[in-house]
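Since the structure comes first, as structure tokens, the remarks are kept for the end.
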């Protein structure tokens, strides 16, 4: 008995190839529309009863920024021992949580996360992010919500008058100045101030611009977090008193700034000697003045005698000539 052999015609192979290609294309499209994700990194989900996802959701893509932020005062705004102590003294007032937490709800008194996190400034994570950019307010009004005292000072300053906003000097994520040192930051704009006596001597003593231009009184008592931060940049008496409170009314500090040594100040004997020398110098000047006066009188007298004699001789000669002429013509008189 012969085994049956199947013979496929050309239309059959064409149909098979077409169906296979369509199925292959559908499989590729499905795989591209649903990329494989690691099981250890599930898609972030909003926290219970809030639209906030939490700072860890941002760390997946913004690892370096998240690490920088983690060590800042913003990150520790709630956990800071200083805040916790002040907050306890004020009876754990919920009003404080508006600035020291993220996603605070006034109605329930609950919050989404401790500290000032990414979503405190950028708002709740957008579902379409990163396709949809996270919003941000690009001026001082973003900071003013919590740092009202500071921004009020800034608005009164020359920085505020030219609209030099907070982020021009501060890195918003690290909260550090945008330079290695305060002096380098300020000298980006203020390049010629170091030539003056005041700026030069203080700089040589190792002071930063902020030591004088942002000087404030020590915060010895709790004031609810509202105190002057020096963002008017004006130098007042407190700037001097902070360093020179023991010598503010003496010459000691000025002597040091001018390069003199306190031990080389003149003694009373030396001062008396200087006074005597100055008195002698005055007497010499007076004597010289008297001599010059007499000399001038003598010179004037000699010149007066000579000029007066010559003038008298000329006049007398003129008179004689006239008399002779009159005597030579007696008939003309008759």
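Considering only region 118-152, how many residues are more than 15 Å from residue 50 (Cα to Cα) and either part of a strand (DSSP E or B) or touching a strand residue (DSSP E or B) at 6+ places or on another chain (Cβ under 6 Å) (or both)?
0
If a residue has to be surrounded by fewer than 15 Cβ atoms within 10 Å (Cβ to Cβ) and either outside any loop (DSSP other than H, G, I, E, B) or within 11 Å of the chain's Cα centre (by Cα) (or both) to count, how many in region 153-166 make the cut?
3
Scanning for something surrounded by fewer than 12 Cβ atoms within 10 Å (Cβ to Cβ), in a loop (DSSP other than H, G, I, E, B), modelled with pLDDT of 65 or more and out of contact with any helix residue (DSSP H, G or I) (no Cβ under 7 Å at 6 or more places or on another chain), does region 4-21 turn up at least one residue?
No, because not a single residue in region 4-21 is surrounded by fewer than 12 Cβ atoms within 10 Å (Cβ to Cβ), in a loop (DSSP other than H, G, I, E, B), modelled with pLDDT of 65 or more and out of contact with any helix residue (DSSP H, G or I) (no Cβ under 7 Å at 6 or more places or on another chain).
Residues 305, 285, 271: which one is at pLDDT below 80, part of a helix (DSSP H, G or I) and farther than 30 Å from residue 151 by Cα?
305
Would you check which residues across region 84-102 are in contact (Cβ under 8 Å) with a residue 40 or more places away in the chain and either outside any helix (DSSP H, G or I) or closer than 24 Å to residue 122 by Cα (or both) and list them?
Matches in region 84-102: 90, 96, 98, 99, 102.
Scan region 75-92 and give yes if some residue there is surrounded by fewer than 14 Cβ atoms within 10 Å (Cβ to Cβ), out of contact with any strand residue (DSSP E or B) (no Cβ under 8 Å at 6 or more places or on another chain) and closer than 30 Å to residue 186 by Cβ, otherwise no.
yes
Within region 176-192, restricting attention to residues that are out of contact with any strand residue (DSSP E or B) (no Cβ under 9 Å at 6 or more places or on another chain) and exposed (fewer than 15 other Cβ atoms within 10 Å of the Cβ), which residue is farthest from residue 71 (Cα to Cα)?
Filtering region 176-192 for residues that are out of contact with any strand residue (DSSP E or B) (no Cβ under 9 Å at 6 or more places or on another chain) and exposed (fewer than 15 other Cβ atoms within 10 Å of the Cβ), the one farthest from residue 71 (Cα to Cα) comes out as 192.
Show me the helices (runs of 4 or more DSSP H) entirely contained within region 173-224 in which 2 or more residues are touching a helix residue (DSSP H, G or I) at 6+ places or on another chain (Cβ under 9 Å) and at pLDDT 85 or above. Steps first, please.
On the way: elements: 182-187, 197-204, 209-213.
The helices (runs of 4 or more DSSP H) meeting that bar are 182-187, 209-213.
Report yes if residue 64 is closer than 19 Å to residue 143 by Cα, outside any loop (DSSP other than H, G, I, E, B), without any contact (Cβ under 8 Å) to a residue 60 or more places away in the chain and under 29 Å from the mean Cα position of the chain (by Cα), otherwise no. Before you say what the answer is, go through the steps one by one.
Working: closer than 19 Å to residue 143 by Cα: no; outside any loop (DSSP other than H, G, I, E, B): yes; without any contact (Cβ under 8 Å) to a residue 60 or more places away in the chain: yes; under 29 Å from the mean Cα position of the chain (by Cα): yes.
In short, no.
Could you list all residues from region 168-179 that are within 30 Å of residue 104 (Cα to Cα) and free of Cβ contacts under 8 Å to residues at least 12 places away in the same chain?
So the first thing to find is which residues in region 168-179 are within 30 Å of residue 104 (Cα to Cα), and the list is 168-177.
Result: 168, 170, 171, 176, 177.
Could you figure out which of (1) free of Cβ contacts under 8 Å to residues at least 12 places away in the same chain; (2) under 26 Å from residue 227 (Cβ atoms); (3) over 35 Å from the mean Cα position of the chain (by Cα) isn't true of residue 141?
Failed condition: (3).
The values are calculated or read from the model by the stated rules, or taken from the named source; none is laboratory data. Quantities reported herein were computed from a predicted structural model and do not represent experimental measurements. Because the Cβ atoms are built from the backbone with ideal geometry, glycine has one as well, and the counts that use them run over all protein chains shown.
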